[in-house]
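The values are calculated or read from the model by the stated rules, or taken from the named source; none is laboratory data. In this text the structure is predicted, and so the values were computed from the model without any measurement. Using ideal geometry, Cβ is built from the backbone for each residue, glycine included, and neighbour counts are taken over all protein chains shown. Accessible surface is based on the protein model in full, side chains and every heavy atom, while ligands, DNA and RNA are left aside. Shrake-Rupley method; radii C 1.70, N 1.55, O 1.52, S 1.80 Å.
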Amino acid sequence: MSHWRRIRSLRRSLPALALAVAAVAAAMAPVAASAAPDESAAGQSATSNGWNDYSCKPSAQHPRPVVLVHGTLGNSVDNWLGFAPYLVDRGYCVFSLDYGQLPGVPIFYGLGPIADSAKQLSAYVDRVRTATGAAKVDIVGHSQGGMMPRYYLKFLGGAAKVNALVGLAPTNHGTTLSGLTKLLDYFPGAADVLAKHTPGLTDQVVGSAFLTRLNEGGDTVPGVRYTVISTKYDEVATPYRAQFLTGSDVKNVVVQDLCPSDLSEHVTIAMTDRVAFHEAVNALDPEHATPTTC
């Protein structure tokens, strides 16, 4: 990568880094621990847009509910304002959760220890299964939300309850954040501060103890279909090929291989990219898949 291209890439990553710094500052502030987030507000907002409707019963055409798992600094509504209605319009029962909340940090979630977040996902999947009567769900996750469910599948018994996992720009093998994680070496103690106050960030850095355990012995578990949908313009989950999985039931997709003019990056691949949306639906219903093009 040329010098100027690297600078442009780093500049695109700065908003995400700024949000992370803000979250750390909020977590370190002397505030009282907040109560558990009010799911009713988010749930009502989502239901008004057609998802998180616990009266929804899966159809014969789409027999499994879809659980959407937001990314770092996301939440159950904002992350899915484009994709959740897209699924609802196609007849799916769609649900989304908030996870990884830190005391005193509203709206921006996915910052807590990822192993704990996986336990929240486990409880939520059981809730959806009970409400819908479905034996299994499908999961679609963005960024951390595409990687974290693998912990649930591998260590928390999730493989028996999940048919397919679709990751949109997932941090499966960690990220360098376009090289920004290397800056931590120049600030003694910075990594320790991040690990203490926003462990969901440091768990995703290349080589973290969490990722080492997650990927040890193979990327996948039997009985689950895996799809990774990536963009070569990703500036957050970098290098983008580190998102890919290996295994017997894995499909890795780069949206530019399907549509060379697709310019989506890390955020827009989950929020507005109809190429990624179509390919995700193909992964959810491979028997009725149709070609994904521009």
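Hand me the list of helices (runs of 4 or more DSSP H) wholly inside segment 227-294 holding 1 or more residues that are farther than 23 Å from residue 66 by Cβ. Steps first, answer last, please.
Values: elements: 255-258, 268-271, 274-284.
Ranges flagged: 255-258.
If we keep just the residues of segment 205-226 that are hydroxyl-bearing (Ser, Thr, Tyr) and not in a loop (DSSP other than H, G, I, E, B), which is most open to solvent (accessible area, probe 1.4 Å)?
212
Among the residues of segment 262-277, is there at least one that is under 11 Å from residue 169 (Cβ atoms), of a type in the set (Asp, Glu), touching a residue at least 12 places away in the same chain (Cβ under 8 Å) and crowded, with 20+ Cβ neighbours inside 10 Å?
Taking every residue of segment 262-277 in turn, at least one turns out to be under 11 Å from residue 169 (Cβ atoms), of a type in the set (Asp, Glu), touching a residue at least 12 places away in the same chain (Cβ under 8 Å) and crowded, with 20+ Cβ neighbours inside 10 Å.
For residue 18, indicate whether it is modelled with pLDDT under 95 and surrounded by fewer than 19 Cβ atoms within 10 Å (Cβ to Cβ).
On the way: modelled with pLDDT under 95: yes; surrounded by fewer than 19 Cβ atoms within 10 Å (Cβ to Cβ): yes.
Answer is yes for this residue.
Do you know which residues across segment 123-154 are assigned to a helix (DSSP H, G or I) and farther than 23 Å from residue 72 by Cα?
Those that are assigned to a helix (DSSP H, G or I) and farther than 23 Å from residue 72 by Cα: 129, 130, 131, 132.
Where residues in segment 156-174 are open to solvent by 10 Å² or more (accessible area, probe 1.4 Å) and either free of Cβ contacts under 8 Å to residues at least 40 places away in the same chain or not in a helix (DSSP H, G or I) (or both), which of them is nearest to residue 119 (Cα to Cα)?
156
May I ask you to verify whether residue 250 is surrounded by 13 or more Cβ atoms within 10 Å (Cβ to Cβ), closer than 20 Å to residue 173 by Cβ, within 18 Å of the chain's Cα centre (by Cα) and at pLDDT below 95?
On the way: surrounded by 13 or more Cβ atoms within 10 Å (Cβ to Cβ): yes; closer than 20 Å to residue 173 by Cβ: yes; within 18 Å of the chain's Cα centre (by Cα): yes; at pLDDT below 95: no.
No; evaluated as a whole, the condition is false for this residue.
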